[in-house]
Every structure is written in structure tokens, then in C-alpha cells.
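Here is the structure we will look at.
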Amino acid sequence: MKWAEFLGHQRQQKWFANAIAHNKLASTFLLVGPSGIGKRTFAKLIAKSLLCTETDPKALDFCHACDTCLQIQCETHPDFLYIKRGQAKNSEKEKSVITMEQLVGSKEARMREGFCYEIRIRPYSSRRRIGVIDDADTLDEETSNSLLKTLEEPPPGAVIFLVGTSEKRQISTIRSRCQIVRFSPLSIQNVEQLILRNNYVQDSSLAKSIAAQSHGSIQYAKELSDQSIMDFRNQIQAFLQQRPADFMGFSKAILDHVNNSTAEGQPRRDRLIWCLDEVTDALRNSLWTQLGVSNQDHEAPNALFAPLKNLPTKTLVSLIELTQETRGNINRFIAPAALLEAWTANFIRTARI
Ligand SMILES: [Zn+2]
């Protein structure tokens with residue numbers, strides 16, 4: 001992908017172009033914003049622009065044809081380090097987070113391998129080394145602390161990107177060492193263009209409708225382009241609208257969907273997170289409708305799916321908190337069935353519908 005094909009995030013592009021042109025590029029960045037809006041791609045395009053051998057090093061540009069550009073695209077360039085969760089091969093737990101091993105090497109070879117070691121090695125064929133730590137939300141206190149020295153005294157010329165959803169997910173000592181760059185959701189028009197360009201669906205009116213429900217995330221739009229996911233989303237909405245409410249049936253439908261639609265382990269946990277996010281959206285819409293405000297996509301309150309808008313605001317806030325708390329526990333390896341059972345019982349007790 002070239003810069004000209006990269007949709008959205010113009011402000012961030014200009015900002016980097018300016019910093020590179022004036023030789024004022026910081027060494028460590030924390031890119032934050034909702035999932036699936038292009039932060040990872042953005043980091044990769046910056047890396048290409050900084051390492052490409054065919055373009056002016058002071059311009060935010062790359063040729064898209066030299067060996068360097070092609071190798072970064074395939075994540076095989078020796079001066080481009082990319083780590084994300086799931087690369088560890090040991091336990092299931094380690095697959096869901098960035099591990100110590102990825103950052104500072106195995107116990108037997110501490111600081112002789114891993115990201116913090118490799119970023120210090122002299123560039124192999126380029127002017128500098130560039131590192132991307134994806135899924136930075138999954139850094140815990142131990143792994144965060146292991147990064148601090150590298151972030152504080154980065155090797156000359158190195159540029160490091162941490163990619164996550166919110167700076168609040170980072171401990172303060174990481175935040176204070178990074179230049180924070182915030183990304184907003186894509187516009188509905190950009191999502192629509194990307195759906196058609198990536199061939200998720202061919203029909204332009206369907207693309208428009210999916211884009212309108214995507215919250216500006218191309219990742220979410222891709223999921224909604226899958227008919228079985230769209231069907232299940234409709235099922236969730238039907239359950240939330242049904243009166244009398246059947247939350248036991250609702251919870252069972254979610255569990256069946258999670259167990260039947262994906263492989264065990266992280267994919268299943270990710271799917272459960274998706275389900276709870278759908279519920280949270282419906283609760284937020286209900287709250288917004290009740291307060292008479294438009295949501296972040298500036299939809300009119302009466303156009304929103306707000307199935308619980310008749311509940312008191314206090315109850316809606318409690319339900320949102322409960323659902324978010326449950327979501328936060330998903331990656332703590334509590335079995336989905338047990339987690340859903342507890343969530344349902346608390347939901348029924350709080351909602352009283
Ligand atoms: Zn190039």
C-alpha cells in the first residue's frame with residue numbers, strides 16, 4: 001500500500017512528515033485509538049518511508065518497489081522488528097499477551113535475544129532500526145518494566161512504535177517515555193471505500209449499510225461482511241428487544257455461538273469480547289437515547305438501536321460497568337461459560353426486566 005491509498009489519518013501523516021523534514025522525529029511513539037482503523041498499517045508506512053533506499057530521507061515517502069519496501073511489507077526486513085501477541089509458542093496464556101521472552105529473551109539468554117536486544121544491534125542494511133510492538137494493551141507490569149530502559153535510552157536513530165487502543169492501558173512510566181499519537185475512527189465514507197476495495201462485499205448499497213454500522217473500524221466492517229456474523233448480530237438485537245426478556249436464552253445463544261464459530265483459546269475469547277461489545281453498544285445507545293444526546297457518529301437519537309432505553313440511567317450505567325468488567329476478565333482465563341453465567345445472573349438482578 002502507498003500513502004496515496006491509505007485512507008484517513010491525514011493530520012497524523014502531516015505531523016510525521018513535518019517531524020521528518022525538520023529532523024525532529026522522536027524515538028518512541030505510542031499509537032492509540034480503536035481497533036481496526038489502520039494504526040498498524042500507519043506504523044508500517046512510516047517504517048517504509050524512513051528506510052526506503054530510493055526516496056529522499058527527509059520526505060515522508062517510499063518507492064514501494066525496492067527490496068527494503070518489499071521486505072518491510074512481508075515483515076522480513078532485518079532492520080524492521082515486529083512483535084505481536086500470539087508469537088510465543090509455550091502456554092495458552094502466553095499466546096494472549098506480549099511475553100518477557102519476546103522482549104528480553106528466554107531465561108537462559110536474558111538480554112542476548114528478544115526485541116530490546118535486537119533493536120540495539122547496528123542496522124544491517126539501513127540507516128536505522130525500527131521496531132513495532134503491536135497489541136501493546138497486553139503488556140503487564142513485568143513486561144512494561146522490562147521495556148523501560150530501551151524506551152528511555154533508545155539506540156541512536158532507532159524508532160519504536162507501541163500500538164494499542166488507549167494510553168490508559170499503559171503504566172505511567174511507559175506513557176511518560178512515549179510521544180502519544182491519537183487516532184480517531186475512520187469516516188463512514190472511507191470505510192465504505194475500503195469494504196469495496198478489499199472486496200468484503202461487491203454490492204455498493206450493502207457496503208454503505210455495513211460501513212454505517214462499523215463505528216469507523218475496517219476490522220469490524222470485515223466481520224459484519226460475514227453473513228453468519230451479521231445473522232448472529234441480528235439475533236443479539238432480537239434478544240435484547242424481546243419482552244419478557246429471556247436473558248438465560250440470550251446467554252446460552254452467546255455461549256453456543258462462541259463455542260461453535262471459532263477455535264478454542266484466544267479466537268474464542270476474542271469472539272466473546274465481540275459479543276459483549278455488541279451488548280455494550282446497545283446499552284450505550286439506550287443511555288444516549290434516554291439522555292437525548294447524539295452518539296459519536298452523530299446519529300440522531302431516534303435512529304439508534306436502543307432496546308433498553310426505558311431503564312433508569314443509573315441502571316444503564318451499572319449494566320455498562322458490569323458488562324465492561326466482565327469483558328476485562330475474559331483474558332484472565334476464566335472459562336467463558338462460568339463468566340457468562342455470572343454476568344447473566346448479575347445482569348438480570350440489576351436490570352429487573
Ligand atoms: Zn523503497
The stretch 110-130 residues that are closer than 25 Å to Asp67 by Cβ, paired with ones that are among the small types (Gly, Ala, Ser) and assigned to a helix (DSSP H, G or I) (beta carbon under 8 Å, 6 or more apart): Ile130/Ala47
Sole exception among (1) surrounded by fewer than 21 Cβ atoms within 10 Å (Cβ to Cβ); (2) under 19 Å from Ile98 (Cβ atoms) for Ile160, by number: (1)
Filter pass, Lys39 being of a type in the set (D, E, K, R) and within 13 Å of the ligand (Cβ to nearest atom): no
Condition met for Val293 (crowded, with 16+ Cβ neighbours inside 10 Å and not charged (D, E, K, R)): no
Among residues of the stretch 5-43, those that are among the aliphatic types (A, V, I, L, M), without any contact (Cβ under 8 Å) to a residue 60 or more places away in the chain and either outside the structural domain of Leu151 (by TED's automatic domain parsing) or touching a Leu at 6+ places or on another chain (Cβ under 7 Å) (or both), counted: 3
Residues located in the stretch 108-119, provided they are charged (D, E, K, R) and either part of a helix (DSSP H, G or I) or touching an Asp or Glu at 6+ places or on another chain (Cβ under 9 Å) (or both): Glu108, Glu113, Glu118
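Could you say which residue among Ala253, Ala211, Ala238, Ala245 is in contact with an Asp or Glu (Cβ under 9 Å, 6 or more places away or on another chain) and farther than 30 Å from Ser27 by Cα? First the steps, then the outcome.
Working: Ala253 fails: in contact with an Asp or Glu (Cβ under 9 Å, 6 or more places away or on another chain); Ala238 fails: in contact with an Asp or Glu (Cβ under 9 Å, 6 or more places away or on another chain); Ala245 fails: in contact with an Asp or Glu (Cβ under 9 Å, 6 or more places away or on another chain).
Being in contact with an Asp or Glu (Cβ under 9 Å, 6 or more places away or on another chain) and farther than 30 Å from Ser27 by Cα holds for just one of Ala253, Ala211, Ala238, Ala245, which is Ala211.
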Of all residues in the stretch 257-278 being closer than 19 Å to Ser217 by Cβ and of a type in the set (A, V, I, L, M), the one that is nearest to the chain's Cα centre (by Cα): Ile273
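The values are calculated or read from the model by the stated rules, or taken from the named source; none is laboratory data. Just so you know, these numbers come straight off a predicted model, no measurement behind them. Quick reminder, even Gly has a Cβ in these numbers, built from the backbone with ideal geometry, and neighbours come from all protein chains shown.
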